[in-house]
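The values are calculated or read from the model by the stated rules, or taken from the named source; none is laboratory data. Note that this is a predicted model, so its numbers are computed, not measured. Here the Cβ is made from the backbone with ideal geometry for all residues, glycine too, and neighbour counts use every protein chain on show.
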Amino acid sequence: MTVLEATAVTKSFRGLQALRGVDISVEEGQILGIIGANGAGKTTLFNCITGAFAPTSGRVTLDGEDVTGLPAHQLARRGMVRTFQLMRPFATMSVLENVEIAAMSRGARGADVRREAARAVERTGLAEWAGRRSGSLPAGMQKRLELARALAMRPRVLLLDEVLAGLVPAERAPVLDLLEDLRRQEGTTMVFIEHIMAAVRRLSDHVVMMDQGAVLARGDAESVLSDPKVVEAYLGKETRSA
Ligand SMILES: Nc1ncnc2c1ncn2[C@@H]1O[C@H](COP(=O)(O)OP(=O)(O)OP(=O)(O)O)[C@@H](O)[C@H]1O
Ligand SMILES: [Mg+2]
C-alpha cells in the first residue's frame, strides 16, 4: 500500500522555482532515500510534504487521503513526523523535557508522556544525558535528541533530513542500526535525505536523485548511484559522497 505520495509538487519563492513538479511515492514499511546537490530542493520538498508550508501547486496524500497544505501538527497526529536539518531544541530545557514536549505534541498525556519520552531517550542512547540542558549538548548528541523527539511522536511515516550530518563515522552506525530496527520492529515507513552514500546504500529500498528542483533519476540505490547523469550532476562534484 502506498503510504505517502507527492504528485507534481512545485514551490516558488518569489522568482526562484525551488521545486518544478516532483513526484515521489513510498510504500508501507519501505525506505526512500533522497539525494542531490546542495540547493537541489530536498529540504523544500520535505517542507511541502510535512506542512512547514504549502506547495505552490501539486498534491500530497497520506494513506490515500489528500493532506496537501495541512499544518505539521495535524500531520503529526496522523503519524507523519520529520526531523530538521537545523536542530532547534528548547536550549534551556533538559533533554528529557524536550522529548516530553514532543510526546505531548502528538497527543500523549499524563504518565504516557513520561513513558514515551523515557523510551525514546533510551533508544537513542541519551539516557545518561537526560537531565542535561539541551543547549549544552555536543553536536552528535543534539542529533540524537532530534531523533528522540521524532520517535516520541510515534511516527508511522518518518522523514529524516540529513540525520547523519555532523556525526563522526563512529557515531553514524548506531543511528543507522536504530533506523533499521524501527523499520523491522515497527514497520516504520521512512524518507531520508542524505549526503553520505554508504548510508543511502545501506538503508534505501529506492532512491530519488533531485537536481535543480526536479527528479533526475530514480530506482534502486545501485542503479541511481551508477547512473552517468547522477555522477555528472552530483557525485562527480561532491567530496562528501564517501
Ligand atoms: N524559505 C525559503 N525562502 C526562499 N528561498 C528558499 C527557501 N527555502 C529554500 N529556498 C531556496 O530553494 C532552493 C532549494 O533549497 P533547499 O534547502 O530545498 O535545498 P537542499 O536540497 O535541501 O540543499 P542542502 O543539501 O544544502 O540542504 C535553494 O535555492 C534555496 O536557497
Ligand atoms: Mg536541505
Given the conditions (1) crowded, with 20+ Cβ neighbours inside 10 Å; (2) more than 23 Å from SER136 (Cα to Cα); (3) within 16 Å of ligand 2 (Cβ to nearest atom), and given that MET80 satisfies all but one, which numbered condition is not satisfied? (3)
Selection over the stretch 41-69 where residues are within 14 Å of ligand 1 (Cβ to nearest atom), over 16 Å from the mean Cα position of the chain (by Cα) and either of a type in the set (Gly, Ala, Ser) or within 19 Å of ALA152 (Cα to Cα) (or both) yields a count of 1
Considering only residues that are over 15 Å from LEU158 (Cβ atoms) and among the small types (Gly, Ala, Ser), look in the stretch 70-102 and name the one that is modelled with the lowest pLDDT. ALA91
Being surrounded by fewer than 16 Cβ atoms within 10 Å (Cβ to Cβ), in contact (Cβ under 8 Å) with a residue 12 or more places away in the chain and part of a helix (DSSP H, G or I) is the filter here; which residues of the stretch 223-238 pass it? LYS229
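Output the residues belonging to the stretch 100-129 that are polar (S, T, N, Q) and more than 22 Å from GLU180 (Cβ to Cβ).
SER105, the sole residue that qualifies.
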The number of residues in the stretch 173-225 that are out of contact with any helix residue (DSSP H, G or I) (no Cβ under 9 Å at 6 or more places or on another chain) and among the polar types (S, T, N, Q) is 2
For PRO55, all conditions in the list (1) out of contact with any strand residue (DSSP E or B) (no Cβ under 6 Å at 6 or more places or on another chain); (2) in a loop (DSSP other than H, G, I, E, B); (3) not polar (S, T, N, Q) hold save one; what is the number of the exception? (1)
Just one listed residue, out of GLY58, GLY64, is touching a helix residue (DSSP H, G or I) at 6+ places or on another chain (Cβ under 9 Å) and surrounded by fewer than 20 Cβ atoms within 10 Å (Cβ to Cβ), and it is GLY58
Name the single residue that is surrounded by the fewest Cβ atoms within 10 Å (Cβ to Cβ) among those in the stretch 178-197 being closer than 13 Å to GLU162 by Cα and more than 13 Å from the chain's Cα centre (by Cα). MET197
Hits in the stretch 191-222 (condition: of a type in the set (Asp, Glu) and either under 21 Å from ASP177 (Cβ atoms) or assigned to a helix (DSSP H, G or I) (or both)): GLU194, ASP205, GLU222
For the stretch 11-40, name all the residues that are buried (at least 18 other Cβ atoms within 10 Å of the Cβ), within 16 Å of ligand 1 (Cβ to nearest atom) and part of a strand (DSSP E or B). LYS11, ALA18, LEU19, VAL22, ILE24, LEU32, GLY33, ILE34, ILE35
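A quick yes/no check of all residues on (1) within 16 Å of ligand 2 (Cβ to nearest atom); (2) in contact (Cβ under 8 Å) with a residue 24 or more places away in the chain; (3) on the phi > 0 side of the Ramachandran plot:
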position	(1), (2), (3)
ASP161	yes, yes, no
ALA165	yes, yes, no
VAL168	no, yes, no
VAL175	no, yes, no
GLU180	no, no, no
ARG183	no, yes, no
MET190	no, yes, no
GLU194	yes, yes, no
ALA198	no, yes, no
Qualifying residue in the stretch 2-18 (condition: touching a Leu at 6+ places or on another chain (Cβ under 8 Å), away from ligand 2 (no atom under 13 Å from the Cβ) and free of Cβ contacts under 8 Å to residues at least 40 places away in the same chain): no
